[in-house]
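Notes for the one structure printed next.
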Amino acid sequence: MIAEAKILIIEDNKSDADLLCRELKKSGLIFKSEVVQTKATFENALQLFRPDIIISDYSLPSFDAVTAFRIKQTNYPLIPFIIVSGIIGDENAVELIKEGVTDYAPKAKLFTLPTKITRALKDAEDKKEKALIDEKLKIQTAELIIANKELLLQNEEKERRATELVNLSDSLHKQTEELSLANDLLIMQEVKVQAVNEQLTELNQELEFRVTARTKALTESEHRFRNMMETIPQIAWTNTIAGEFIFYNRRWYDYTGLSLEQTKDTGLRLAIHPDDLKNSSGWFTMIREKSEGGEFQLRIKRADGVYRWHLLRMMPIKDEQGETQQWVGTATDIEELRLLQQQKDDFISIASHELKTPLTSLKAALQLLDRMKEAPSAKMLPMIVLANKSLDKVNILVADLLYASKVNEGQLHIDPKNFVLSSVILDSCQFIRAEGVYNIQTCGDMNVEVYADPVRIEQVVTNFITNAIKYAPESKQITINIKKVKGMVNVSVIDKGPGIPAEKQRFLFDRYYRVDNRGSHYTGLGLGLYICSEIVKAHHGEIGVISEVGMGSTFWFTLPVA
């Protein structure tokens with residue numbers, strides 16, 4: 001359920017709108033609301049306010065609920081739409097609900113509205129969740145198709161080998177016939193019986209040698225198989241066609257902490273996550289019945305009690321007739337792979353959201369400017385300022401993505417030279433000082449020179465300052481300190497903000513990481529400090545943070561002295 005619902009109210013009577021809000025608050029519903037009266041303000045609120053639910057009067061002087069519903073249905077079909085009116089009538093309400101309107105509440109019975117809103121929000125969340133599940137099922141279906149193609153290729157290879165074995169068998173059969181013919185000739189030639197006997201004795205000895213060698217080869221093959229199972233990094237096992245597990249490699253016992261006796265008893269069931277146990281049993285059975293091999297994922301408990309995701313693969317071992325003799329399985333730890341996939345998905349979501357917000361504002365500003373172009377007015381100046389700010393935000397986000405791409409590809413080049421560090425720092429602070437809101441003081445060794453790329457260093461300092469403003473907006477005092485330390489120059493940016501918890505500090509310079517401080521949401525892609533870290537490393541310097549909750553933060557980096 002949404003913690004704080006955003007409710008868009010279409011109502012031309014302010015008293016009715018206030019009465020509706022009071023009724024919702026009285027029911028305990030937590031929400032934010034916005035009231036609109038015209039079609040234009042309604043469409044604008046859909047884009048900017050982004051409501052979770054819409055409550056509309058049936059008829060307004062310049063607008064009506066049916067028109068609003070159809071606009072909403074075209075662009076935002078998942079947002080619930082409830083009509084509140086005293087004149088609509090039950091028959092009209094039923095017809096509108098058939099068209100797709102979520103619900104109807106008479107103004108005389110506003111006490112029923114909170115329950116209908118809660119139910120509508122829950123239904124909307126369920127529809128969104130179902131859409132996500134459908135998308136995941138499509139992806140899984142595509143993966144299964146790819147796996148089936150791989151199995152077909154493997155079967156073709158097995159058929160080719162089977163054909164080779166048949167040809168070899170025919171060749172051996174022909175050789176046997178030739179030996180029989182030779183034996184008949186030897187019998188007919190009594191003079192050469194002794195020689196033939198000697199030859200047969202030699203042949204018998206050779207056959208015995210081959211049998212001995214073959215037995216030895218089988219023993220060595222089994223030994224190699226065991227060694228291979230023990231040396232692979234995955235958990236591995238073998239089981240009979242009936243499903244009985246007859247061998248586990250050492251990796252299983254090391255990972256689970258179970259003994260052989262515990263595994264044979266109930267350890268196997270205890271090692272699998274309870275939520276995966278039923279499905280895993282079904283997958284085991286289905287793969288064995290198909291006799292083609294397969295794979296699936298489940299969580300296996302480590303010796304310290306932590307469950308980690310594993311990819312399980314099972315393949316049949318067949319004899320020359322194609323009959324399955326036993327099964328070989330492996331379990332590969334994919335916990336980090338799943339986390340990386342989730343991190344990628346989260347970044348794509350964040351990037352899409354962060355780019356969409358300024359683009360939406362830019363579009364709205366340009367639309368308003370387009371309407372005013374025939375009759376310019378003083379209102380155009382704020383629109384131009386808003387459009388430029390939105391465009392600046394887009395440029396910053398795109399620049400961060402380009403810098404991160406250059407870092408990943410090893411193309412982040414620097415052009416170092418000698419310069420006075422304080423001059424670059426003072427230049428980087430000019431745009432903040434010009435606003436007159438924050439007091440930025442630079443102190444320390446103001447004459448020290450460094451050997452670095454001034455453009456890149458200005459980028460690092462600017463990022464530190466903007467972060468101090470963004471994450472510590474109440475701290476109007478920001479101090480930049482410059483000092484020499486053991487042949488290097490240390491630059492510290494100090495604020496008196498809320499500080500950063502110790503457990504989060506080690507992640508600050510990781511790619512895509514963003515601090516979520518006390519439930520607040522900050523914009524950005526989580527690339528700024530990561531790029532700063534790579535720039536400082538390219539200068540053979542160090543970067544870090546010192547912070548304590550409630551005491552502010554100090555971000556610092558070092559550069560080589562000129």
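The values are calculated or read from the model by the stated rules, or taken from the named source; none is laboratory data. Being a predicted model, the structure only gives us computed values, none of them experimental. All Cβ positions, glycine included, derive from the backbone under ideal geometry; neighbour counts span all protein chains shown.
Points to keep in mind about this one:
- Failed item, numbered, when residue 191 is tested on (1) part of a helix (DSSP H, G or I); (2) closer than 30 Å to residue 24 by Cβ: (2)
- Count of region 38-66 residues, restricted to those that are out of contact with any Lys or Arg (no Cβ under 6 Å at 6 or more places or on another chain), farther than 14 Å from residue 79 by Cα and not in a helix (DSSP H, G or I), is 8.
- Identity of the residue in region 70-80, hydrophobic (A, V, I, L, M, F, W, C) and closer than 16 Å to residue 123 by Cβ, that ends up nearest to the chain's Cα centre (by Cα): 78
- Some residue of region 106-114 being closer than 30 Å to residue 366 by Cβ and at pLDDT 85 or above: no
Conditions (1) free of Cβ contacts under 8 Å to residues at least 24 places away in the same chain; (2) under 14 Å from residue 55 (Cα atoms); (3) assigned by TED's automatic domain parsing to the domain that holds residue 35, marked per residue:
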residue: 68; (1), (2), (3): no, yes, yes
residue: 88; (1), (2), (3): no, no, yes
residue: 94; (1), (2), (3): yes, no, yes
residue: 101; (1), (2), (3): no, yes, yes
residue: 105; (1), (2), (3): yes, yes, yes
residue: 128; (1), (2), (3): no, no, yes
residue: 146; (1), (2), (3): yes, no, yes
residue: 150; (1), (2), (3): yes, no, yes
residue: 153; (1), (2), (3): yes, no, yes
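- Verdict on residue 78 being touching a residue at least 60 places away in the same chain (Cβ under 8 Å), surrounded by fewer than 19 Cβ atoms within 10 Å (Cβ to Cβ) and farther than 16 Å from residue 105 by Cβ: no
- Residue match in region 237-250 (condition: closer than 20 Å to residue 333 by Cβ, part of a loop (DSSP other than H, G, I, E, B) and at pLDDT 80 or above): yes
- When restricted to residues that are of a type in the set (D, E, K, R), within 44 Å of the chain's Cα centre (by Cα) and surrounded by fewer than 17 Cβ atoms within 10 Å (Cβ to Cβ), region 81-109 contains 3.
- The test for being modelled with pLDDT under 85 and not in a strand (DSSP E or B) does not hold for residue 304.
- A single entry from 186, 207, 200 fulfils the requirement of being touching a Lys or Arg at 6+ places or on another chain (Cβ under 7 Å) and in the same structural domain as residue 295 (by TED's automatic domain parsing): 186.
- Residue match in region 212-228 (condition: hydrophobic (A, V, I, L, M, F, W, C), modelled with pLDDT under 80 and within 30 Å of residue 184 (Cβ to Cβ)): yes
- Residue that is modelled with the highest pLDDT, among those in region 253-301 that are more than 29 Å from residue 140 (Cα to Cα), exposed (fewer than 12 other Cβ atoms within 10 Å of the Cβ) and not acidic (Asp, Glu): 259
- Matching residues, region 68-92, being more than 28 Å from residue 129 (Cα to Cα), of a type outside the set (Asp, Glu) and assigned to a helix (DSSP H, G or I): 92
- Screening 334, 317 for residues that are of a type outside the set (Asp, Glu), at pLDDT 85 or above, more than 34 Å from the chain's Cα centre (by Cα) and closer than 26 Å to residue 145 by Cβ leaves exactly one candidate, 317.
- Residue that is surrounded by the fewest Cβ atoms within 10 Å (Cβ to Cβ), among those in region 11-37 that are at negative phi and assigned to a loop (DSSP other than H, G, I, E, B): 30
- Filtered residue count, region 463-495, keeping only those that are surrounded by 15 or more Cβ atoms within 10 Å (Cβ to Cβ) and in a loop (DSSP other than H, G, I, E, B): 2
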